[in-house]
Every structure is written in structure tokens, then in C-alpha cells.
Amino acid sequence: MAQTALVTGASGFLGRRVASDLATSGYRVIAAGRTVAALPPGTDHFVGDLEALARARMPVDVVIHSAAL
């Protein structure tokens, strides 16, 4: 089973590329951002702010935080 990576800021310049690279490398990626249209294809999407993400309590193996505050 593939590891799950949560990438915050996945609609931004850095986060989008990190999420795409992880998905290509075989990770299941949850791409978190504020707008679904900007999130990378080939990933699961979470739309909301960081507070909503903290409340979601998703089981993940690794978190890559690239969201700006």
C-alpha cells in the first residue's frame, strides 16, 4: 500500500510541484489548498484553510507544509 502524503499550499508554486512529484513517485497525495481549480491533477483534494485542515484529522504518513500564512 502506498504511503499517504499531505501537502499544504498545493495550489501554490512550490506545493503544486511537490504534490505532483510525490504522486508521480507513487505516493497517495492529499493536496490541500484554498481553491480546487489550482490543485494538481492526479491527487486527492482538500479545499479549506489551515484551521479546517487541522480539524479534519486525516491519517497520513508524512506532511509537507508549504502553505503561506
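Close amide H pairs (under 5 Å, H built 1.01 Å from N) link PHE46 with ALA31, ALA32, GLY33, residues at least 5 positions away or on another chain.
Counting Lys and Arg as +1 and Asp and Glu as -1, what is the net charge of the other residues whose Cβ lies under 15 Å from the Cβ of GLY26? Spell out each step's value before the answer.
Values: positive: ARG28; negative: ASP21, ASP44, ASP61.
Charge balance in the 15 Å sphere: -2.
How large is the accessible surface per residue of the chain, computed with a 1.4 Å probe and reported in Å² as a whole number? List each step's numbers first, then the result.
Numbers: 4420 Å² over 69 residues.
Spelled out: the 1.4 Å probe surface of the chain, per residue, equals 64 Å².
Per-residue Karplus couplings for the stretch 49-57, computed as 6.51 cos²θ - 1.76 cosθ + 1.60 with θ equal to phi - 60°, are listed in order as 8, 5, 5, 5, 5, 5, 6, 5, 6 Hz, Gly and Pro entered as x.
Highest mean packing first, where packing is the average number of other Cβ atoms within 10 Å per residue, the peptides 49-59, 30-40 line up as 30-40, 49-59.
Kirkwood Rh over Cα pairs of the chain into Stokes-Einstein at 4 °C, 1.567 mPa s: D in µm²/s? For the chosen part, D equals 113 µm²/s.
One decimal place: the segment ALA2-VAL63 gains 20.5 nm when fully extended, by the rule 0.36 nm per residue minus the C-alpha distance.
Please report the net charge: other residues with Cβ closer than 10 Å to the Cβ of ALA67, K and R +1, D and E -1. Before the final figure, lay out the partial values.
Details: positive: ARG34; negative: ASP49.
That sum, taken over residues with Cβ under 10 Å, equals 0.
Summarise the accessible area of the chain (1.4 Å probe, protein heavy atoms) by the percent that is carbon and sulfur. That share works out to 56 percent.
The values are calculated or read from the model by the stated rules, or taken from the named source; none is laboratory data. Small disclaimer: the values here were computed from a predicted structure and weren't measured. Here the Cβ is made from the backbone with ideal geometry for all residues, glycine too, and neighbour counts use every protein chain on show. Accessible surface is based on the protein model in full, side chains and every heavy atom, while ligands, DNA and RNA are left aside. Shrake-Rupley method; radii C 1.70, N 1.55, O 1.52, S 1.80 Å.
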